[in-house]
Every structure is written in C-alpha cells, then in structure tokens.
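Reviewing the structure listed below.
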Amino acid sequence: MKQILLATVATFALAGTAMSADLDVELGLDLTQNASDKMVADTTIDISMSAPAGIASLGLVADGDAVKVDSYSLGTVVAGVAVSYGDQGDLLGDFGGKTDSVGGTTLANPNDDGESIKVGAMGVSIMVGLTDVTTDITDVENVQATYSLASNGVEIGTGIDYNMDSEEMVLLSRAGYALDQFGFGLTGTYEVEAETYGFEADVTAMGLTAFVNGDDSDMMQNIGGGYTTTINGMGLYAEGSYNLDSEEFTPAVGASFNF
C-alpha cells in the first residue's frame, strides 16, 4: 500500500508540470474468491490523462510491497481518428458481458497479452496484436476489427479476430437496448474452425444486472448478477455467479474512488 500511495503522489507531481492536461485517477479495491475458495484482495490504480498533444493511460496493481504495471497506452486523436499503442487489451473484450469480476464465461476470448496498435474512427476499430516487441516488433500475432453503432437506445456491435499463427477465426456479435437505467443485451461468439459457439444474455435495471450464459454443448452453464452504486463519490459493487454444473458460487465485492 505504501508503494501504491507513492505512485499516486508521483502521478500528481507529474500532472502539476502539465497544467493543460486533464488527469483522472481511480483507486480501486477488489475482493474476489480464488481457485482455493479463499477471498483475496487486489488493489489497483488506473490513471488516464488527456492533453492537446495526446492521450495516455496507465494501470497499476499491487504485488506484495511492489507496484507493477498491468496495462498502459499512449495515443493521440487526429481529425477524428484515434491511434494508440500499448498493452491495452483487445477489441472483442469490449463487447463482453455486463459483470467483470466473477463467473465463468462461455464467450470465446482470443489472446490479448502483449502490446498492440489500435486505430478507431466513426464506430470502426482495428487492432494489430504484436507477439513480442522485445524480439521482433514486426511479428503480428492477431488482427481484430469491430464495428459498433448506438442510436435511440439501440446498441449493435460486431467483430472478428484472426490469429496469424493458428489461422483460427472468431466472430462476435452483440445487440442490445438501453434507456435510462434499464437495458438488455445478447452477446454471441462463433469459433469458425472449431465450429463452436457461446452466448451470454444480460438485463439491467436500476443498477442491478443479471446474466446467463452457455454454449452449444450446454445452454445453461452460469447464472449470476451484480449491483453497482455510488455513495459520496465512491463507487461500490457486489457480484455473484453460480455454476449450474459444479454447483459452485463465486462472490466478489469492490470499491473505487476517483480523484
């Protein structure tokens, strides 16, 4: 925790040298159940900065007495086109289910480890995932493309992932509707070579989300839900998932604060 606080102080000191930049820092604490049925805590700091010259983000996690970089990105926006580089996750993950911390997923999840280059404009995004930039920055692992559209509460998204090494392709689609504090959606993935599919359906009302997921071998695998709220500027959530096959329940709770 000492290292976490020092990292936060250093961030503010850096921001003080660039008064024209907009800085946002989120400190979070997540309590989740691990594979040994023990409750474990994860402390994170998410930092994002925007300035006339560009945008940047940094994700830090506590590892004992040390702080490690979990994710980062550097980018800019020119004529409405956003370009970024870093260890910044994948595009298909943005269309995933509505709960983040718990529950087995049945959606295909292509590998998103390592650095990537992202380009986005007018709802279209393209990502080039790099295998290992420390050995060969030109070695491409996978390529993703997505398109999303939101109009009058209707949300539609589609995406594709192609792995250059295994030559495997994953297709994704999502459709949903959101109005005020109510919404529902359906997300599906299809692995072309394996000829398998997975789905997740979710519904949200007044901060409460419920979901169910499955695949072509078992249409009902996991059910669960979560609740999010904000009290005096602090974000709070509680989630839980139940596996219908193993009959195991997995809980998670967490808090975050922006300053």
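The values are calculated or read from the model by the stated rules, or taken from the named source; none is laboratory data. Quick caveat, the model's predicted, so the values are computed rather than measured. For neighbour counting, all protein chains shown are included, and Cβ atoms are generated from backbone atoms with ideal geometry for every residue, glycine included.
Figures for the structure shown
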| quantity | calculated |
| --- | --- |
| Residue check, LEU208 at pLDDT below 95 and surrounded by 12 or more Cβ atoms within 10 Å (Cβ to Cβ) | yes |
| Search result, residues across the stretch 89-118 that are under 28 Å from LEU244 (Cβ atoms), of a type in the set (A, V, I, L, M) and either modelled with pLDDT of 80 or more or not in a loop (DSSP other than H, G, I, E, B) (or both) | LEU92, LEU107, ALA108 |
| Output for the stretch 190-206, where each listed residue is touching a residue at least 40 places away in the same chain (Cβ under 8 Å) and aromatic (Phe, Trp, Tyr) | TYR190, PHE199 |
| Of all residues making up the stretch 161-184, the number that are part of a strand (DSSP E or B), within 17 Å of ASN111 (Cα to Cα) and over 17 Å from the mean Cα position of the chain (by Cα) | 5 |
| Count - residues of the stretch 190-206 that are farther than 15 Å from ASN109 by Cα and assigned to a strand (DSSP E or B) | 5 |
| Options THR230, THR209, THR187: the member that is free of Cβ contacts under 8 Å to residues at least 24 places away in the same chain, polar (S, T, N, Q) and in a strand (DSSP E or B) | THR230 |
| Subset tally (residues that are surrounded by fewer than 17 Cβ atoms within 10 Å (Cβ to Cβ) and either at pLDDT below 90 or not hydroxyl-bearing (Ser, Thr, Tyr) (or both)) for the stretch 68-81 | 9 |
| Residues being out of contact with any Asp or Glu (no Cβ under 8 Å at 6 or more places or on another chain), exposed (fewer than 15 other Cβ atoms within 10 Å of the Cβ) and modelled with pLDDT of 90 or more - total across the stretch 40-67 | 1 |
